[in-house]
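Asker: Structure in structure tokens, see below.
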Amino acid sequence: MRHVLRPLIAAAAVFALAACGSSEDPAVTAPPAETTLVLYNAQHEEVGQAWADGFTAKTGIKVELRNGSDFELANQIVAEGAASPADVFITENSPAMSLVSSKDLFAPVDAGTKAQVPPQYSSSKGDWVGVAARATVFVYNTTTVPEAELPASILDLAKPEWKDRFGISPSGADFQAIVSAVYALQGDAAGAAWLQGVKDNAKIYRGNSTIMKAANDGEVPGGVIYHYYWYGDQADGGANSAKTKLHFFGNQDPGAFVSVSGGGVLTSSKHAAQAQQFLAYMTGADGQKLLADSTALEYTVGAGVAANAKLTPLAELGAPTVDLNALNGPKIVAEMQRVGLL
Amino acid sequence: MTRSVAAGTGIRLRYPPLRLAAAVAVALLALVPLGYVVAGVVAAGGVVVDLVWRPRVGELLRNTVVLVALGTAACAAVGTAAAWLVERTDLPARPLWTGLMAAPLAVPAFVNSFGWYSLSSSFAGLGAAVLVTTLSYYPLVYLPVAAVLRGTDPAFEEMSRALGNGPWSTFVRVVLPQLRPALLGGALLVGLHLLAEFGALQSLRFDTFTTAIYDQYQSTFDGTGATALAGVLVLLCLLLLTGELSLAGRARVARLGAGTARRPTRHHLGRATPLAAGGLALLAAAALGVPLACIGYWLATSTSTAFPAGDLIRAAGTSVTLALAGAAVTTALALPVAWLVVRRRGWLSRAVERSTYVGNSLPGIVVALALITVAIRYLPGLYQTTVMLIAAYAVLFMPRAMVSLRASLEQAPPELDDVSRALGVGPAGSLLRVTLPLVARGLGAGSALVFLAVVTELTSTLLLAPIGTRTLATQFWSQSTSIHYGAAAPYALLMILISAPAAYLLTRRSRQEADR
């Protein structure tokens, strides 16, 4: 009997201790004037943490992080509604911001903060702003794809010569943005024909790293990914990218899409002033400089701070003009479900 | 037999009210995700039909069914064969094999999958999915089957041989029926895991309902499409649960007294010894060697490789604490349900027990969102506290405890409870002094299995843990999504290290029992 109870009692004690430890609110021990902001961080943890630490160092306001992915945290905020413990939400891509925005859960962004970020990287509703960006690129294996054969436009990928020769990750925000752009620029009929062609030609992967590794291994000649996976892998030793290069579509091609990481303050925030201050910090010179210097290798968008010198400058990418609020619209999702990509 | 005893005494209620209430409460907690899915389907209305009735869903249905069928069958075959070789033959170095065969439980399935995928990008599709999931989950069959093989009385087999049955026919007609409850319990766990598997399949280019549900959430950011798919997934889970029930049979496997059984006879392998040893070595190399080699490769080649001792120790401490608490609470919650279903057979206890399996077959994101929705509305004080996180673990991993407890309760003769009651011990006293010691093995095995699952849990930990909680799984995820594989590797290694004692405990528990 004793040998049964002992571990159970020990476990129960540990459980009780853990519960006590967790309920110890910092506000109880610290002076009441001190506020702690809660950041729901869907950005890379290192980026969110660097901003939080930099902000605390500058203002003394503490920031705690809850990490997760875009869709997890956005759906969590929607489920929490007015009771959300989050003050600020930052993402990797804008569709997660659009979801929260569509439920009117973001407060208007301070005018000063909006002025720091060019309007094409922010919500036209004025309830969130861009904090970073990533560019869509074509990664290709240098031995199987001669430079002369590279696709001039992402529209080329629907042609027969690209059958089974490239990978896509259709559930990714970038791919749907590209589809949106093709429909907008080419019209619905041509867009639908292109989408069917891509569905027939593409090898379907989940996630950008998987596509890049497959291209590196020669499993597939090329694929559509975000730029920073390649730069990140190169910086990490290049095990999954050494045999590949990046091709930028440019020329306002739908494939040259730039996806925006957004940041916003929630209407439910009990520390709205400090939360707005934090958003201003992230998009301001100090915050953007931290991003440029980090190993995340994402693009800066605010306060005119240049991106990391390893990257091709954002202005040279020839990105198409896309309405961020219209990404992943019901029409595009329905079209992708119709051809069976989702 | 059990039925007649239960009916014959007449001195007790069919369902003791306190135990029934406890079991029903546990079932209601476990049914929260199902309620969330059903509510979502009802709210969406007719749209669901269009979302479900399309070619893509047919493809997902085929993939999911084939993966569950092949993966479960492969785990059952590999687990049973390995258990038989280790326990019933004169294979040399038995203690080594006992440890090695259970050890893959300590390797998270997604790490195993990363390892295999790193070997080649062409490692993809159905075959790859079946291979990786089999290597990760066969111990769920191996462990209970090995325990039964170690404990059964060889007299039955000797009688069968004396009556003219050959060795194979004896295995099929005598050994296999004895293995059936253990084998089916393990296979059920594997099947449920395969329905909800995401981590191990995400890079293998093989889509199931669960991977498609993640894709739907990620791309549409609107629960409707995902909920519709989850609705179909729930139906598959119900199919699996009734299927196992109809196969399980009602034969009594309990026996009084452990003293009469002799040690099982060991079959002489002879010239087949190198083949058998080679097969087991290959299995161990595939399930352990590949992921460990992958971690080593990351550590060696990545420029981000670092061992931040403080961070690693804190994350490991948090993981161990949460896993211990999760294991204790989940096993305790499973106990009244397991008792009810074994000791008071009937449709009500069956329904209560089956309810507790559903959470394990749904994708983690669905379970997490269900608990968020319920907690923020009805229990805001508990939202994002440790209590809530542990409740999520219980919902997710209850079947691991349930299957273990159920098996050991079935082996404990109910007459002993009756004797205890007849001697004047009250119901609580009988539970504490008779039933619990008899099911000690099931409690230990169930807790260890839940511990192993909690260590690798990601989604619920991210969304429901108290803010600032960092576990080995969350930090591995964080580093690997930031493409810092070298920085992620030590967290994977530590997950394996802290899981090893639980896996070892699983082999030892059953050994002590057999040696008693």
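Asker: Out of the residues in the range B:49-70 that are within 14 Å of another protein chain (Cβ to nearest Cβ) and under 27 Å from B:P399 (Cβ atoms), state the one that is most open to solvent (accessible area, probe 1.4 Å).
Answerer: B:R62
Asker: Of the residues A:K213, A:K199, which single one is surrounded by fewer than 22 Cβ atoms within 10 Å (Cβ to Cβ), part of a helix (DSSP H, G or I), at pLDDT 90 or above and more than 17 Å from the chain's Cα centre (by Cα)?
Answerer: Values: A:K213 fails: surrounded by fewer than 22 Cβ atoms within 10 Å (Cβ to Cβ).
Sole residue among the options that is surrounded by fewer than 22 Cβ atoms within 10 Å (Cβ to Cβ), part of a helix (DSSP H, G or I), at pLDDT 90 or above and more than 17 Å from the chain's Cα centre (by Cα): A:K199.
Asker: I'd like the full set of residues that are within 11 Å of chain B (Cβ to nearest Cβ) and either in contact (Cβ under 8 Å) with a residue 40 or more places away in the chain or open to solvent by 20 Å² or more (accessible area, probe 1.4 Å) (or both), limited to the range A:53-66. Can you show your working first?
Answerer: Restricting attention to the range A:53-66, the residues satisfying the condition of being within 11 Å of chain B (Cβ to nearest Cβ) are A:62-66.
Answer for the range A:53-66, where residues must be within 11 Å of chain B (Cβ to nearest Cβ) and either in contact (Cβ under 8 Å) with a residue 40 or more places away in the chain or open to solvent by 20 Å² or more (accessible area, probe 1.4 Å) (or both): A:K62, A:V63, A:E64.
Asker: Could you tell me whether A:A184 is open to solvent by 60 Å² or more (accessible area, probe 1.4 Å), more than 20 Å from A:H247 (Cβ to Cβ) and assigned to a helix (DSSP H, G or I)? Talk me through it step by step, then tell me what you get.
Answerer: Numbers: open to solvent by 60 Å² or more (accessible area, probe 1.4 Å): yes; more than 20 Å from A:H247 (Cβ to Cβ): yes; assigned to a helix (DSSP H, G or I): yes.
Judged against the criteria, A:A184 is a match.
Asker: Are any residues in the range A:211-253 in contact (Cβ under 8 Å) with a residue 60 or more places away in the chain, of a type in the set (S, T, N, Q) and within 11 Å of chain B (Cβ to nearest Cβ), and if so, which ones?
Answerer: Correct list: A:N216, A:S241.
Asker: Report whether or not B:T303 is among the polar types (S, T, N, Q) and over 17 Å from B:A453 (Cβ atoms). Give the steps one after another, and end with the answer.
Answerer: On the way: among the polar types (S, T, N, Q): yes; over 17 Å from B:A453 (Cβ atoms): yes.
When the stated conditions are applied, B:T303 passes them.
Asker: If you don't mind, there's one more thing I want to ask. Is it true that A:D156 is surrounded by fewer than 22 Cβ atoms within 10 Å (Cβ to Cβ) and part of a loop (DSSP other than H, G, I, E, B)?
Answerer: Numbers: surrounded by fewer than 22 Cβ atoms within 10 Å (Cβ to Cβ): yes; part of a loop (DSSP other than H, G, I, E, B): no.
So A:D156 fails the test.
Asker: With the requirement that a residue be within 14 Å of chain A (Cβ to nearest Cβ) and buried (at least 18 other Cβ atoms within 10 Å of the Cβ), what does the range B:271-307 give you?
Answerer: B:C294, B:I295, B:W298, B:L299, B:S302, B:S304, B:T305 - these are the residues of the range B:271-307 that are within 14 Å of chain A (Cβ to nearest Cβ) and buried (at least 18 other Cβ atoms within 10 Å of the Cβ).
Asker: Would you please list the contacts, defined by Cβ atoms under 7 Å and residues six or more apart or on different chains, that run from a residue in the range B:200-219 that is more than 10 Å from chain A (Cβ to nearest Cβ) to a residue that is in a loop (DSSP other than H, G, I, E, B) and open to solvent by less than 10 Å² (accessible area, probe 1.4 Å)?
Answerer: B:T208/B:L201; B:T210/B:P363; B:I213/B:P363
Asker: Which one is farthest from the other protein chains (Cβ to nearest Cβ) among residues in the range B:467-483 that are more than 26 Å from the chain's Cα centre (by Cα) and at pLDDT 90 or above?
Answerer: Among residues in the range B:467-483 that are more than 26 Å from the chain's Cα centre (by Cα) and at pLDDT 90 or above, the one farthest from the other protein chains (Cβ to nearest Cβ) is B:Q479.
Asker: Across the range B:367-380, which residue is nearest to B:A39 (Cα to Cα) among those that are in a helix (DSSP H, G or I) and more than 10 Å from chain A (Cβ to nearest Cβ)?
Answerer: Applying the first criterion (in a helix (DSSP H, G or I)) to the range B:367-380 yields B:367-378, B:380.
From the residues that got through so far, the ones that are more than 10 Å from chain A (Cβ to nearest Cβ) too are B:367, B:378.
Values: B:V367: 13, B:Y378: 16 Å.
Among residues in the range B:367-380 that are in a helix (DSSP H, G or I) and more than 10 Å from chain A (Cβ to nearest Cβ), the one nearest to B:A39 (Cα to Cα) is B:V367.
Asker: Looking at B:F198, is it touching a helix residue (DSSP H, G or I) at 6+ places or on another chain (Cβ under 8 Å), part of a loop (DSSP other than H, G, I, E, B) and either open to solvent by 10 Å² or more (accessible area, probe 1.4 Å) or on the phi > 0 side of the Ramachandran plot (or both)?
Answerer: yes
Asker: Out of everything in the range A:254-276 that is modelled with pLDDT under 95 and part of a helix (DSSP H, G or I), what residue ends up being farthest from the other protein chains (Cβ to nearest Cβ)?
Answerer: Filtering the range A:254-276 for residues that are modelled with pLDDT under 95 and part of a helix (DSSP H, G or I), the one farthest from the other protein chains (Cβ to nearest Cβ) comes out as A:A256.
Asker: Restricting attention to the range B:321-341, which residues are within 13 Å of another protein chain (Cβ to nearest Cβ) and either open to solvent by 10 Å² or more (accessible area, probe 1.4 Å) or at pLDDT below 95 (or both)?
Answerer: B:T321, B:L322, B:L324, B:A328, B:V329, B:A332, B:L333, B:L335
Asker: Still on this structure, please answer the following. Being under 14 Å from the mean Cα position of the chain (by Cα) and either within 30 Å of A:S241 (Cβ to Cβ) or of a type outside the set (A, V, I, L, M, F, W, C) (or both) is the requirement here; does B:Y137 meet it? Spell out how you get there, then give the answer.
Answerer: Numbers: under 14 Å from the mean Cα position of the chain (by Cα): yes; either within 30 Å of A:S241 (Cβ to Cβ) or of a type outside the set (A, V, I, L, M, F, W, C) (or both): yes.
Against the criterion (under 14 Å from the mean Cα position of the chain (by Cα) and either within 30 Å of A:S241 (Cβ to Cβ) or of a type outside the set (A, V, I, L, M, F, W, C) (or both)), B:Y137 qualifies.
Asker: With (1) closer than 18 Å to B:T456 by Cα; (2) away from every other protein chain (no Cβ under 13 Å) as the list, and B:G310 as the residue in question, which single condition is left unmet?
Answerer: (1)
Asker: In the range A:78-116, how many residues are aliphatic (A, V, I, L, M), within 11 Å of another protein chain (Cβ to nearest Cβ) and crowded, with 23+ Cβ neighbours inside 10 Å? Can you show your working first?
Answerer: First pass over the range A:78-116, keeping only residues aliphatic (A, V, I, L, M): A:78-79, A:82-83, A:86, A:88, A:90, A:96-97, A:99-100, A:105, A:107, A:109, A:111, A:115.
Subsequent filtering for residues that are within 11 Å of another protein chain (Cβ to nearest Cβ) retains A:78-79, A:82-83, A:86, A:96-97, A:99-100.
Now narrow it down to the ones that are crowded, with 23+ Cβ neighbours inside 10 Å: A:86, A:96-97, A:100.
Selection size over the range A:78-116: 4.
Asker: Which one is nearest to B:V337 (Cα to Cα), of the residues in the range B:384-433 that are within 11 Å of another protein chain (Cβ to nearest Cβ) and open to solvent by 30 Å² or more (accessible area, probe 1.4 Å)?
Answerer: B:L432
Asker: Just one of B:V141, B:V78, B:V111 is in a helix (DSSP H, G or I) and either surrounded by fewer than 24 Cβ atoms within 10 Å (Cβ to Cβ) or without any contact (Cβ under 8 Å) to a residue 12 or more places away in the chain (or both); which is it?
Answerer: Numbers: B:V141 fails: either surrounded by fewer than 24 Cβ atoms within 10 Å (Cβ to Cβ) or without any contact (Cβ under 8 Å) to a residue 12 or more places away in the chain (or both); B:V111 fails: either surrounded by fewer than 24 Cβ atoms within 10 Å (Cβ to Cβ) or without any contact (Cβ under 8 Å) to a residue 12 or more places away in the chain (or both).
One residue alone meets the criteria, B:V78.
Asker: If a residue must be over 18 Å from the mean Cα position of the chain (by Cα), under 30 Å from A:N240 (Cα atoms) and modelled with pLDDT under 95, how many such residues does the range A:109-143 contain?
Answerer: Residues in the range A:109-143 being over 18 Å from the mean Cα position of the chain (by Cα), under 30 Å from A:N240 (Cα atoms) and modelled with pLDDT under 95: 0 in total.
Asker: Can you find even one residue in the range B:157-164 that is buried (at least 20 other Cβ atoms within 10 Å of the Cβ), more than 14 Å from chain A (Cβ to nearest Cβ) and touching a Pro at 6+ places or on another chain (Cβ under 9 Å)? Talk me through it step by step, then tell me what you get.
Answerer: Here is the first cut: in the range B:157-164, the ones buried (at least 20 other Cβ atoms within 10 Å of the Cβ) are B:157.
Add one more test, that the residue is more than 14 Å from chain A (Cβ to nearest Cβ), and what stays is B:157.
Checking the rest, the ones that are also touching a Pro at 6+ places or on another chain (Cβ under 9 Å) come to B:157.
The answer is yes, given that some residue of the range B:157-164 is buried (at least 20 other Cβ atoms within 10 Å of the Cβ), more than 14 Å from chain A (Cβ to nearest Cβ) and touching a Pro at 6+ places or on another chain (Cβ under 9 Å).
Asker: So which residues in the range A:290-316 are crowded, with 17+ Cβ neighbours inside 10 Å and β-branched (V, I, T), if there are any at all?
Answerer: A:T295, A:T300, A:V301, A:V305
The values are calculated or read from the model by the stated rules, or taken from the named source; none is laboratory data. Because the structure is a prediction, the values reported are computed rather than measured. Here Cβ is always computed from backbone atoms with ideal geometry, including for glycine, and neighbour counts include all displayed protein chains. With ligands, DNA and RNA removed, areas are computed over all heavy atoms of the protein, side chains included. Shrake-Rupley method; radii C 1.70, N 1.55, O 1.52, S 1.80 Å.
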